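Right, one structure below, let's go through it.
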Amino acid sequence: MRVTQLDIARFAKVSQATVSRVLSGDDRVEAEIRGRVLDVIRLHNYQPDVRARSLRLRRTGLIGLVLKRPQGGLSDDPFFAALTAGIMDFLCGKPYHLCVDVVTDEASQEGIYDEMLRTRRVDGLILVEPEASDERINLLQRDKFPFVLIGNPKNDNIYSVDNDNVHAGELATNHLIENGYRRIAFLGGPKDITVSDDRIQGYKKAVLAAEIEPIICHSKFGFEAARHSAVDLLATRRPEAIVVLDDFMACGVVLAARQLNYKLPEQLGLVAFNDSSLCNLLDAGLTSVSLGIERIVQAAVCKLLQVIEDDEVAFGEVRQIIPCELKVRGSSQRLTAGVR
């Protein structure tokens, strides 16, 4: 027969309330009693009834993450692999699990958020890739639903964790300028995506300070879309270097450069963002801005759990900025390659 919480209390010679407190991690339980209860739980391989716990606490134990990409658009994308892995690692050993939904367009995204709010099938949400005018945020705020944003909210009243992406864009661009590149382009994501807009702002700040004309190109997310955009950019605008929104898109730029017989870094310099494992696939490596994704994810999920478990308390700073760092590799080292 299935062992119940009442059985565990009887075996451990404590009350059922004490067993419940041990399971919830209440540190007010004496160490000796906690140890006795945990020993009995292990001995009988006891597993709490998730449905009963959900009904009692009025929580599902699920954290939601909704990703918007065309069908197949997440394949091989290291950012979302790191994002989801980071969330799951942080939740390991905690009474929460990750629930991931993928939507392909604006209409399906609106529908999934509406369904989540009506059914309350998750306790809170991690939002990514905010837009300049983001209806998701307005919807969640109106419903007072727990969420934390990874990105720039453009609003001081939203819990968020992010980099200073304006600074990151400026840092990447200045590095190319210092290495002798003058005609520098920026290949960003779709228009009105905040992370792309912020990095473009930093890029423009750097090139204008160096009296260089900005060259800005927008692309859909992903490897193949970036390759198509880069072929057009290289054929028509002929930049000497490109700052690319992320490493995955930068790989598409590398393929476009090979199609058009550009040599890296002599004829084309590249800098991207995320400092993912893809950076090591180039012979001399891809220069990339490390954003501290693991720290961002941990801070965001920690903040969300605090909000879920006690929404009446203000938990420190609303917006948390994680510092970034430029990781220099061969794709941007024009001067060291002997070209001046």
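The values are calculated or read from the model by the stated rules, or taken from the named source; none is laboratory data. For clarity, every value in this text was computed on a predicted model and none was experimentally measured. Methodologically, a virtual Cβ is constructed for each residue, glycine included, from the backbone with ideal geometry; neighbour enumeration extends over all protein chains shown. Accessible surface areas use protein heavy atoms only, side chains included; no ligands, DNA or RNA. Shrake-Rupley method; radii C 1.70, N 1.55, O 1.52, S 1.80 Å.
List of remarks:
- Against the chain, whose longest principal axis comes from its Cα atoms, helix 293-309 is set at around 40 degrees.
- For TYR159, neighbours were defined as the other residues whose beta-carbon sits under 10 Å from its Cβ, and their charges (Lys and Arg +1, Asp and Glu -1) total +1.
- Computed log₁₀ I(q)/I(0) - Debye formula, equal Cα scatterers, no solvent, the chain, q 0.08 Å⁻¹: -0.48
- The alpha-carbon atoms of region 83-176, seen along their principal axes, cover 49, 34, 28 angstrom, with the largest extent given first.
- Too-long pairs where the Cα-Cα distance tops 31 Å, listed order kept, from LYS94/LYS191; LYS13/LYS94; LYS13/LYS144; LYS13/LYS303: LYS94/LYS191; LYS13/LYS144; LYS13/LYS303
- Percent carbon-and-sulfur accessible area, the chain, ignoring ligands, DNA and RNA, probe 1.4 Å: 50 percent
- Amide H contacts of LEU125 (H built 1.01 Å from N, under 5 Å, at least 5 apart or other chain): GLY64, PHE147, VAL148
- Computed over the chain with a Gaussian network model linking Cα atoms closer than 10 Å, the most mobile of ARG42, ARG59, ARG329 is ARG42.
- 5 angstrom amide H check on GLN320, placed H, neighbours 5+ away: SER160, VAL161, ASP162
- Evaluating 6.51 cos²θ - 1.76 cosθ + 1.60 at θ = phi - 60° for every residue in region 31-46, the Karplus couplings come out as 4, 5, 5, 4, x, 5, 5, 5, 4, 5, 4, 5, 4, 9, 6, 6 Hz, glycine and proline recorded as x.
- Net charge in the neighbourhood of SER108 (other residues with Cβ under 12 Å of its Cβ; Lys, Arg +1, Asp, Glu -1) is -4.
- Accessible area per residue, Å², the chain with all protein chains present, probe 1.4 Å: 51 Å²
- Equivalent-ellipsoid semi-axes for region 15-118 (Cα gyration tensor, √(5λ), whole Å, largest first): 37, 17, 10.
- Here the alpha carbons of region 254-319 define both size measures, Rg and Dmax, at 19.7, 60 Å.
- For region 21-166, with +1 on Lys and Arg beta carbons and -1 on Asp and Glu, the positive-most of SER108, ILE150, VAL122 along the dipole: VAL122
- Under 26 Å from LYS327, Cα to Cα: lysines that are on another chain or at least 8 residues apart: LYS204, LYS205, LYS220, LYS263
- Taking N as its residue count, the alpha carbon Rg of region 215-340 over 2.2 N^0.38 Å: 1.33
- Relative contact order for region 120-225, counting Cα pairs under 8 Å that sit 6 or more residues apart, in percent: 26 percent
- Dipole axis of region 181-264 (+1 Lys, Arg; -1 Asp, Glu on Cβ), positive-most option in ALA210, PHE221, TYR262: TYR262
- Of the GluC sites (Glu not before Pro) found in region 112-212, those in coil by DSSP whose Cβ has at most 11 other Cβ atoms within 10 Å are GLU211.
- Sequence-separation-based contact order of the chain, relative, with Cα cut under 8 Å and 6+ spacing, percent: 16 percent
- The chain, dipole about Cα centre (Lys/Arg Cβ +1, Asp/Glu Cβ -1), debye to the nearest 20: 660 debye
- On the beta carbon distance between THR4 and ASP89, with R0 = 45 Å, the FRET formula returns roughly 0.90.
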